1. With charges set only on the Cβ (+1 for Lys and Arg, -1 for Asp and Glu), what does the dipole of the stretch 257-409 come to about its Cα centre, in debye to the nearest 20?
2. Using every alpha carbon pair in the stretch 297-363, what percent of pairs falls into each 5 Å bin from 0 up to the bin containing the largest distance?
3. Positive end of the dipole of the chain, charges at C-beta (+1 Lys, Arg; -1 Asp, Glu), about the Cα centre: which of PHE166, ALA94, ALA325 has its Cα farthest in that direction?
4. Determine the distance separating the Cα centre of the stretch 313-333 from the Cα centre of the stretch 182-224; give it in Å without decimals.
5. Provide the per-residue ³J(HN,Hα) series for the stretch 284-299, in order, calculated from phi with Karplus coefficients 6.51, -1.76, 1.60 and θ = phi - 60°, each as a whole number of Hz, with x at glycine and proline positions.
6. Set Lys and Arg Cβ to +1 and Asp and Glu Cβ to -1, take the dipole of the chain about its Cα centre, and tell me which of VAL36, LEU16, SER83 lies farthest positive.
7. Quick one: dipole size for the chain, taken about the Cα centre, charges +1 on Lys/Arg Cβ and -1 on Asp/Glu Cβ, in debye to the nearest 20.
8. Magnitude of the Cβ-charge dipole of the stretch 218-275, K/R +1 and D/E -1, about the Cα centre, nearest 20 debye?
Amino acid sequence: MQAAAVPGQAPDGSLLLADGRVVTPGGVLDPGWILVTGDLIAAVGPGDGREQVAPGLPVLDLDGRWVLPGFVDLHVHGGGGTSFTEGTVDDARAAAAFHRAHGSTSLLASLVTAPLAELEARAALLAGLADEGVIAGLHLEGPFLSAARCGAQDPRYMLAPDVAVFERLHAAARGHLRVITLAPELPGAAGVIRAAARAGVTVAVGHTDATAEATSAAVDAGATHATHLFNGMRPWHHREPGAAGALLDRNEVTCEIVADGVHLHDMTLRLAARAAGPGRLVLVTDAMAAAGMRDGRYRLGSRQVDVAGGVARLVGETGAPGAIAGSTATMAAVVRHAVAAGVPVPEVAAAASTTPARVLGLGERTGALRPGLAADLVVCDEEFGLDRVMRHGQWLPQATVSPARGPNR
């Protein structure tokens, strides 16, 4: 299916998107339509849409294409060859632009464990982009993590949870710190959890060797999110379900997964989706700089990463592949994979957009196709290949991908 030709918009910015398969909070409208006026969704309804609006309004005929709410990625380190974890502010801006072009109309810039002074400097730099609206805020994946489950994180710079350190990082982010990932079994973690919750920061459990009991205690203290469920956690056991079991068991916890076909088996993906349900499952990319790029050597914070066949792994001490080091996926690719794995389309849309928007406190601004919310949307073909992206009522330049990589990766 060729990309739809886009007409101009009316003087007031109005445009009718007609004859699509529109994924709304109430289900799929097939056919359905969306009226965009300025930067907002003005109306959504069933049918073709042409009879419901004023004559002469510019119309984009979607010809049965899917329309989903713009994706909200809570966990992304970089993409398009640049990163949030190192480099200049323009590098960070380019990484955000890359992911926006692939459907992530809202995203958090995620940092990995690094020396404290470096984390403070990166947080301050990225806070400027949050001030501009380029990113929705920051996610600190570290430094209060378990060395036993460090994955691609650098254990040299991990710290014991400390409220004073948290407050330094929170201050550096100037009110834009949205999520912090920590290991709740570490001494001092409960104090940081309570301090973060008081500050309005979502506390996520991740890179942890915690038991189910310790994880449940962390939820009691205020943790409400799971960072890449199953990955970087004590393996599930039927007599000790560990962090993953405890997090799935608690209805107040949202559970993010990396549905890229690498981090999780598709059966695990489906089981997690059923256990969490559409109101608790969150899809993320956990992407690093190599997203959308050729195979080769990249960096994730202080670590060297080799990408082969689109899979990112640490460079081991002997040169052999090490731990998985983030992903090379985009949200468009993650959504397509989740649908292909058998997760129903409305649940995928909720997990990619509505639920993460709610986690960020943005549910009344974006994350769903309903009147009054931002005109943030993604148009896909019948196989969920990316067609085009609208953010705040404006079509974004169409995404390009390295010829050595698959589409929308």
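1. With Lys and Arg at +1 and Asp and Glu at -1, about 300 debye.
2. For the stretch 297-363, the binned pair fractions read 4, 16, 18, 13, 13, 14, 14, 6, 2, 0 percent.
3. Towards the positive end, the residue furthest out is PHE166.
4. First find each Cα centre; the distance between them is then 27 Å.
5. Values per residue, Gly and Pro as x: 9, 9, 6, 6, 10, 4, 6, 4, x, 10, 6, 4, x, 9, 9, 10 Hz.
6. SER83
7. It works out to roughly 420 debye.
8. 160
Read the figures in this text as sums done on the coordinates, not as results from a lab. Since the structure is predicted, the reported quantities are computational estimates derived from the model, not experimental observations. Heads up, the Cβs are rebuilt from the backbone with ideal geometry, glycines too, and the neighbour counts pull from every protein chain shown.
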